[in-house]
Each structure stands twice: as structure tokens, then as C-alpha cells.
Amino acid sequence: MDTAWTQLSPSHQTQSGGKSGYTTFWSKIRSVRVDSITSTDYRTGTAGLTYVYTTAKLKPKNAGYESNT
């Protein structure tokens, strides 16, 4: 989890509530399923994700992303 944390931008680190918020969130997640990916252009898009919690609860979510390349 430490490696993933260091790859977040400073903005995303702040949005996640700092390292403790990030660790708390991900400690409750069993897995993440990618349901769909839509590309806006060669750098940006949206992914439809389903988070599977350790309590077996499912939570669909859309997540935007942007490539750094």
C-alpha cells in the first residue's frame, strides 16, 4: 500500500484524507472490479468501477483518470 500511496499526486493524497485516510479506506476493500472504460481522448477517460468491501457490500462508482504521458 505504501508504493501506491507514493504514486498519488499531492492533490489526490490530500483528497484521500492523507495517508491515514487512504489506509483506512483501502483496508475495508476486498477487491475492485472494472466494469467499463470510456476514453475521452488519448489522455483522459472514465472507468466504471465496483468496490467490493470486506463486508461483501458492493458499491459502484465512476472514476475519472488522466495519463501523465
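The values are calculated or read from the model by the stated rules, or taken from the named source; none is laboratory data. These numbers were taken from a predicted model, which means no experiment stands behind them. Quick reminder, even Gly has a Cβ in these numbers, built from the backbone with ideal geometry, and neighbours come from all protein chains shown. Just the protein is used for accessible areas: all its heavy atoms, side chains included, with ligands, DNA and RNA removed. Shrake-Rupley method; radii C 1.70, N 1.55, O 1.52, S 1.80 Å.
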For Ala63, work out the one condition from (1) at pLDDT below 85; (2) assigned to a strand (DSSP E or B); (3) open to solvent by 70 Å² or more (accessible area, probe 1.4 Å) it doesn't fulfil. (3)
The lone condition Ser31 fails out of (1) surrounded by fewer than 11 Cβ atoms within 10 Å (Cβ to Cβ); (2) not in a strand (DSSP E or B) is (2)
Single match in Trp26, Trp5 (criterion: aromatic (Phe, Trp, Tyr), open to solvent by less than 70 Å² (accessible area, probe 1.4 Å), modelled with pLDDT of 90 or more and not in a loop (DSSP other than H, G, I, E, B)): Trp5
Hey, among the residues in the stretch 8-18 that are more than 13 Å from the chain's Cα centre (by Cα) and open to solvent by 90 Å² or more (accessible area, probe 1.4 Å), which one's farthest from Thr50 (Cα to Cα)? Pro10
Out of the residues in the stretch 42-60 meeting the condition of being more than 10 Å from Val32 (Cα to Cα) and aliphatic (A, V, I, L, M), tell me which one is most open to solvent (accessible area, probe 1.4 Å). Ala56
Starting from the stretch 16-28, keep only residues that are of a type in the set (Lys, Arg), then list their pairs with residues that are in a loop (DSSP other than H, G, I, E, B) whose Cβ atoms are within a distance under 8 Å, requiring at least 6 positions of separation or different chains. Lys28/Thr54; Lys28/Thr55
